[in-house]
Amino acid sequence: MSNPVVGIIMGSDSDLPVMKLAAEVLHQLGVEYEMTVVSAHRTPERMFTYAEKAYERGIKVIIAGAGGAAHLPGMVSSISCLPVIGVPIKSSNSIDGWDSVLSILQMPNGIPVATVALNGAKNAGILAAEIIGSADAELYKKLCAYKEGLKEAVLKKAEKVENQKI
């Protein structure tokens, strides 16, 4: 991607099956992104550098996914003044994902992290696009069309269910 405006980071490559859903929806909406592994615990220097330099590189929103203790989103938010969207991930070392949810959700005042549902990377991608789209008319129109498509899909499903005979 030539000029990414969304940074997608995750604590481990094992998070990729979840986090790629954010990338897929951003791609669908035409939003440039970058994606990498940045571990808060194993590569703290990389995390600091990523968070400190993101704005200078043109990133407008950071999506950070993490499982277990899930410190990555909060730590990135403590370093960067960009909006951070946290994706709690149900990982092999998590307690049904609750530890990840609470670690990302319960941030202290002054260090906000928007938190989506457990494994909710697709919604994180949509939210990142909405944040950027609030100042980008073309992207805003794409988001409205995307949501209209969701509505149409539900109405088609409703009609199919209503026409079934049991």
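The values are calculated or read from the model by the stated rules, or taken from the named source; none is laboratory data. These numbers come from a predicted model, not from an experiment. Every residue, glycine as well, gets a Cβ built from its backbone with ideal geometry; the counts of neighbours run over all protein chains shown.
Go through segment 1-26 and give me each residue that's closer than 19 Å to Ala70 by Cα, part of a loop (DSSP other than H, G, I, E, B) and out of contact with any Leu (no Cβ under 9 Å at 6 or more places or on another chain).
Listed by number, the list holds a single entry, Ser12.
Identify, from the list Glu52, Glu45, Glu34, Glu56, the residue that is part of a strand (DSSP E or B), more than 11 Å from the chain's Cα centre (by Cα) and not aromatic (Phe, Trp, Tyr).
Among Glu52, Glu45, Glu34, Glu56, only Glu34 is part of a strand (DSSP E or B), more than 11 Å from the chain's Cα centre (by Cα) and not aromatic (Phe, Trp, Tyr).
Given Leu102, Leu82, which one is assigned to a helix (DSSP H, G or I), over 17 Å from Lys20 (Cα atoms) and of a type outside the set (Ser, Thr, Tyr)?
Of Leu102, Leu82, the one residue that is assigned to a helix (DSSP H, G or I), over 17 Å from Lys20 (Cα atoms) and of a type outside the set (Ser, Thr, Tyr) is Leu102.
In segment 15-42, which residues are among the polar types (S, T, N, Q) and out of contact with any strand residue (DSSP E or B) (no Cβ under 8 Å at 6 or more places or on another chain)?
The first filter runs over segment 15-42 and keeps only residues among the polar types (S, T, N, Q), leaving 28, 36, 39.
Hits for segment 15-42 are Gln28, Ser39.
Please determine whether any residue of segment 110-118 is free of Cβ contacts under 8 Å to residues at least 12 places away in the same chain, closer than 27 Å to Phe48 by Cβ and either of a type in the set (Gly, Ala, Ser) or surrounded by fewer than 16 Cβ atoms within 10 Å (Cβ to Cβ) (or both).
Yes, that holds for at least one residue.
Within segment 19-27, identify whether any single residue is over 12 Å from the mean Cα position of the chain (by Cα), at pLDDT 95 or above and surrounded by 15 or more Cβ atoms within 10 Å (Cβ to Cβ), and answer yes or no.
Scanning segment 19-27 turns up no residue that is over 12 Å from the mean Cα position of the chain (by Cα), at pLDDT 95 or above and surrounded by 15 or more Cβ atoms within 10 Å (Cβ to Cβ).
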